[in-house]
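These notes are about the structure you will find just below.
The values are calculated or read from the model by the stated rules, or taken from the named source; none is laboratory data. These figures come from a predicted structure and were not determined experimentally. As a convention, Cβ positions derive from the backbone with ideal geometry for all residues, glycine included, and neighbour counts pool all protein chains shown.
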Amino acid sequence: MARLFEHQGKELLRRYGLNIPRGQVATSVGEVAQFAAGIAGGVVIKAQVLHTGRGKKGGIKITDTAEESRGAASDLFTQGVASNPVDRVLVEERILDAAEYFVGITLDDSIKRPVLMISPQGGEDIEELARYSPDLIGRIEIDYLTGLSLDRARQAVKEIEFPADIAESLAVLLVKFWETFKKYEMTSLEINPLFSSSQRGLVAGDCKATVDDYAFFRHPELEEMIDIPREFSHAPTELEKVAWLVEKDDYRGTFYFSQLVEEIDEDGYIGYHGGGGGGSMAGMDKLKRLGLKAACYVDTSGNPPGSKVYRAVKLILSIPGIQGYLCFSDAVASQDLTVTTRGIIKAVKEIRPDFPAIIRLVGYRSEEAQRLVRETAEKWGLNLEYYGHEKSTLWCIERMKTLIGDNLRDGNH
Amino acid sequence: MVTIETLTGEIVIDGLRCKSCPQAPCVGACPNGVLQCTASGVGPAHPAEEIKRRLCVECLACEIICHLRGEEGLSIDLPLPRATA
């Protein structure tokens, strides 16, 4: 799922006729101050990061004057937010004397439908509100085929007791909100807070939007907004950008690459390569339990060609500071493991990492793959080992720890 | 040098090395018969477009077997794309 930055989500809302605050994206202190100088009543400066809970971590600054905005923007650009660098901010007018509401749509897997949620108690954590005051949240299940009618939206607003003077405009907003969600094939869309002021009407104070990455190809209009249609909690790293370019135009199999730490400054980080979601996640848990850490989460599955696996491994091995490479996958019935293994062998042979690499792949042709690794590792002196069902993933992680220890004693790293 | 375009890269064959390779294991390793022995070494067994679009599945069998049992005359160049700023 690809998350949009706030300013991008607001732009989509604006295209569908929703009001957003006057504002602009700024990449320098000067741009912030210049915009703030032209706005009476002060501005809000919001770091454009994908990290959740941005406000509580100092990522939103409210200022009264242009001079104040200069200092606040400088803090954001230099200090970042919760270890996330900030290279752009959204600077907006303040919406004063406004009530704050909540509107959101998410997919409910249990009923296989989108659910619209509305509450007159916006501006705070909606999960907390749902726990302590569930009666303050209206929930409307929506059928994709029939959509959300204005009458249904009116009824929902009436049931949850919003102020009568905004009921009609809120119902109209909800229909546009739903249409935005549907048009861009989103998996979630949220405005919190939705401001309601006598002067400005209903205005989207924030916007969190997530687009279904499998629908991304149908929306070329989003290409300029989304670097990589995958859900990340950070702006994509250079390696993630390259990985996406590998995946983007090659339909064969799936390649997912997420760098979990950008700079490694301690021991125990491993380049982690899984195949298939469940087993890969379990492998990550075991890695952590035994005291190692994943520098990345990479998945190649769905029967990718050797070339795609090779590029994936090349990227993993190029992460600075890792002390090992681990490839785990269990019960692989849908792909020829000799093909997967050839991709790994080619990458290891070319890069010649000075750290150990361990493969544990179990499935179709794993015995042939294991023989291939033994033969190539011996002939070419590769620091590469392969284990099948005879060894558990836990055993392989312990083996990795031993090899890392030996490697450190030999003076590598 | 003989080059054969694949979907995302290129097979590069050094005919001189292939001539001194009696087995040509790459030819037999390819699951789709992309390669054949020629007078000048090893070359494509099908039209270029057919190989690129359909026959070569980039399984890397030809390269690995060539380097393992042959004369290391065949390599597959698979460049990584470059990220733009």
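State whether one or more residues within segment A:361-372 are buried (at least 24 other Cβ atoms within 10 Å of the Cβ), closer than 17 Å to A:VAL298 by Cβ and within 34 Å of the chain's Cα centre (by Cα). Yes, some residue in segment A:361-372 is buried (at least 24 other Cβ atoms within 10 Å of the Cβ), closer than 17 Å to A:VAL298 by Cβ and within 34 Å of the chain's Cα centre (by Cα).
For B:ILE65, are the conditions met, namely being surrounded by 16 or more Cβ atoms within 10 Å (Cβ to Cβ) and either in contact with a helix residue (DSSP H, G or I) (Cβ under 6 Å, 6 or more places away or on another chain) or away from chain A (no Cβ under 14 Å) (or both)? Lay out the reasoning, then the answer.
On the way: surrounded by 16 or more Cβ atoms within 10 Å (Cβ to Cβ): yes; either in contact with a helix residue (DSSP H, G or I) (Cβ under 6 Å, 6 or more places away or on another chain) or away from chain A (no Cβ under 14 Å) (or both): yes.
So B:ILE65 passes the test.
Scanning segment A:361-393 for residues that are modelled with pLDDT of 95 or more and assigned to a strand (DSSP E or B) gives A:LEU384, A:GLU385, A:TYR386, A:TYR387.
Among the residues of this structure, A:ALA153 does not count as one that is modelled with pLDDT of 90 or more and not assigned by TED's automatic domain parsing to the domain that holds A:ARG113.
This table checks each residue for (1) out of contact with any Gly (no Cβ under 9 Å at 6 or more places or on another chain); (2) more than 14 Å from chain A (Cβ to nearest Cβ); (3) without any contact (Cβ under 8 Å) to a residue 60 or more places away in the chain.
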| residue | (1), (2), (3) |
| --- | --- |
| B:GLY28 | yes, yes, yes |
| B:PRO44 | yes, yes, yes |
| B:GLU58 | no, no, yes |
| B:GLU72 | yes, no, yes |
| B:LEU78 | no, no, no |
| B:PRO81 | yes, no, yes |
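For segment A:241-260, the candidate set comprises residues that are hydrophobic (A, V, I, L, M, F, W, C) and part of a helix (DSSP H, G or I); within that set, the residue that is surrounded by the most Cβ atoms within 10 Å (Cβ to Cβ) is A:ALA243. Out of the residues in segment B:25-40 meeting the condition of being modelled with pLDDT of 95 or more and in a loop (DSSP other than H, G, I, E, B), tell me which one is surrounded by the most Cβ atoms within 10 Å (Cβ to Cβ). In this case the residue turns out to be B:VAL34. Would you confirm whether or not segment A:334-345 contains a residue that is over 25 Å from B:LEU80 (Cα atoms) and out of contact with any Leu (no Cβ under 7 Å at 6 or more places or on another chain)? Yes: one or more hits. Would segment A:279-299 turn up any residue that is within 23 Å of B:ALA61 (Cα to Cα), surrounded by 19 or more Cβ atoms within 10 Å (Cβ to Cβ) and within 12 Å of chain B (Cβ to nearest Cβ)? No - not one qualifying residue is present in segment A:279-299. Right, A:GLU238: within 14 Å of another protein chain (Cβ to nearest Cβ), surrounded by fewer than 21 Cβ atoms within 10 Å (Cβ to Cβ), out of contact with any Pro (no Cβ under 8 Å at 6 or more places or on another chain) and among the charged types (D, E, K, R) or not? Yes, satisfied. Is segment A:146-161 home to any residue that is free of Cβ contacts under 8 Å to residues at least 24 places away in the same chain, surrounded by fewer than 14 Cβ atoms within 10 Å (Cβ to Cβ), assigned to a loop (DSSP other than H, G, I, E, B) and away from chain B (no Cβ under 14 Å)? Among the residues of segment A:146-161, at least one is free of Cβ contacts under 8 Å to residues at least 24 places away in the same chain, surrounded by fewer than 14 Cβ atoms within 10 Å (Cβ to Cβ), assigned to a loop (DSSP other than H, G, I, E, B) and away from chain B (no Cβ under 14 Å), which makes the answer yes.
Hey, any hits in segment B:41-57 for a residue that's of a type in the set (D, E, K, R) and not in a helix (DSSP H, G or I)?
Taking segment B:41-57 first, the residues of a type in the set (D, E, K, R) are B:49-50, B:52-54.
Right, trim to not in a helix (DSSP H, G or I) and you get none.
No, every residue in segment B:41-57 fails to be of a type in the set (D, E, K, R) and not in a helix (DSSP H, G or I).
Please determine, by comparing only the residues of segment A:309-327 that are more than 8 Å from chain B (Cβ to nearest Cβ) and in a helix (DSSP H, G or I), which one is farthest from A:GLU240 (Cα to Cα).
Going residue by residue through segment A:309-327, those that are more than 8 Å from chain B (Cβ to nearest Cβ) are A:309, A:312-313, A:316-327.
This time we only want the ones that are in a helix (DSSP H, G or I), so: A:309, A:312-313, A:316-317.
Details: A:VAL309: 15, A:ALA312: 10, A:VAL313: 13, A:ILE316: 10, A:LEU317: 13 Å.
Residue satisfying both the conditions and the ranking: A:VAL309.
Restricting the search to strands (runs of 3 or more DSSP E) fully inside segment A:6-112 and requiring at least 2 residues that are surrounded by fewer than 14 Cβ atoms within 10 Å (Cβ to Cβ) and at pLDDT 95 or above gives an empty result.
How many of the residues in segment A:373-396 are crowded, with 16+ Cβ neighbours inside 10 Å, closer than 24 Å to A:GLU350 by Cα and not charged (D, E, K, R)? Don't jump to the end; show me each part of the working.
Step one: list which residues in segment A:373-396 are crowded, with 16+ Cβ neighbours inside 10 Å, which gives A:373, A:376-377, A:382-387, A:391, A:393, A:396.
Narrowing further to those that are closer than 24 Å to A:GLU350 by Cα: A:373, A:376-377, A:382-387, A:396.
Pick out the ones that are also not charged (D, E, K, R) and you get A:373, A:376-377, A:382-384, A:386-387, A:396.
Residues flagged as crowded, with 16+ Cβ neighbours inside 10 Å, closer than 24 Å to A:GLU350 by Cα and not charged (D, E, K, R) within segment A:373-396 amount to 9.
If you go through segment A:328-345 and keep only what is within 9 Å of A:VAL309 (Cβ to Cβ) and more than 8 Å from every other protein chain (Cβ to nearest Cβ), you end up with A:THR340, A:THR341, A:ILE344.
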